[in-house]
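Taken together, the values in this text are just the output of simple stated rules run on the coordinates, not laboratory data. Being a predicted model, the structure only gives us computed values, none of them experimental. As a convention, Cβ positions derive from the backbone with ideal geometry for all residues, glycine included, and neighbour counts pool all protein chains shown.
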Amino acid sequence: MSTSMRLPNWDNRSWVTGSMLNPALIAATLVATAHMYEEQSGDPMPWELAFLSVPMVLHRDTREALPTRINSHTTKWVAENAALQASFASRARSMVPYTREGMRFGLRTGSLRIIDGERLLGAPSWKLNRDRDKELALVIGKAAFLGRWFAHTGSPATLYALFGVAP
């Protein structure tokens with residue numbers, strides 16, 4: 001998935017964009033997804049899945065529609081959520097620069113590592129206060145779920161095809 005869209009510098013970003021699409025938040029979602037993918041599969045997560053994970057967990061409607069069980073069939077979920085799937089490709093494309101920025105942040109801070117040039121390893125180093133940080137805990141929890149779910153659903157190419165996204 002490539003895009004040449006450049007992000008505005010921080011002085012030119014709106015407060016909302018800076019809050020909701022900040023690199024630390026995106027890195028935290030990627031760390032949770034990659035960490036749980038590895039826990040479930042025994043292998044680090046293919047880096048391409050980052051570009052599916054971020055737009056899924058940061059989009060409230062998609063996040064809330066995610067299944068609750070990792071043995072839920074992806075094809076069935078996509079069919080049952082056709083409206084979300086229909087808009088997913090354009091949302092995923094628009095999120096590429098933010099995902100890259102978050103990935104770079106995670107790599108710089110050491111919470112993400114690239115293994116063998118093609119896989120992400122996440123090392124969570126935080127403790128959330130679920131009472132105080134309910135929304136954040138929900139987002140991170142769904143990111144962790146995605147890691148477990150993706151580990152059971154097949155190759156990145158299959159997932160990209162199911163979600164209608166061209167790499």
Legend entry - ³J(HN,Hα) computed for each position of region 121-126 - Karplus, 6.51 cos²θ - 1.76 cosθ + 1.60, integer Hz, glycine/proline x: 10, x, 10, x, 9, 10
Legend entry - Angstrom value of the Kirkwood radius, inverse mean 1/r, which spans all Cα pairs in region 70-115: 12.9
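Quick one: which of 31-40, 99-108, 144-153 comes out on top by average Cβ neighbours within 10 Å, and what's the full order, highest first? Intermediate results must be reported in sequence, preceding the final value.
Working: 31-40: 23.8, 99-108: 18.9, 144-153: 22.0.
Going by the mean number of other Cβ atoms within 10 Å, highest first, we get 31-40, 144-153, 99-108.
Could I get the Rg over Rh figure for region 81-167? Both from C-alpha atoms, Rh via Kirkwood, rounded to two places.
Values: Rg = 14.8 Å, Rh = 15.1 Å.
Here the Rg-to-Rh quotient is 0.98.
Can you name the helices of the chain, as whole DSSP H runs, whose Cα span along the helix axis is 27 Å or more and whose Kyte-Doolittle mean is not below 1.6? Kindly include the intermediate steps, with their values, before the conclusion.
On the way: long enough: 82-109 (37 Å, -0.24); 134-153 (28 Å, 0.57).
Flagged H segments: there are none.
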Inset, instruction - Could you work out the mean projected area of the convex hull around the alpha carbons of region 15-162, in square nanometres to one decimal? - result: 8.6
Inset, instruction - Could you go through region 69-74 in sequence order and give the Karplus-derived ³J(HN,Hα) for each residue, using 6.51 cos²θ - 1.76 cosθ + 1.60 with θ = phi - 60°, rounded to whole Hz, and x for Gly and Pro? - result: 10, 6, 8, 5, 6, 4
Inset, instruction - Pairs of Cα atoms under 8 Å, at least six residues apart: use those to get the relative contact order of the chain, whole percent. - result: 42
Inset, instruction - Grab the beta carbon distance between Ser125 and Glu39, set R0 = 22 Å, and tell me the FRET efficiency rounded to 0.05. - result: 0.90
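Stretched out fully, how many nm does the piece from Thr68 to Arg104 gain, at 0.36 nm a residue minus the Cα gap? Spell out each step's value before the answer.
On the way: separation 36, 0.36 × 36 = 12.96 nm, distance 2.96 nm.
Full-extension gain reported as 10.0 nm.
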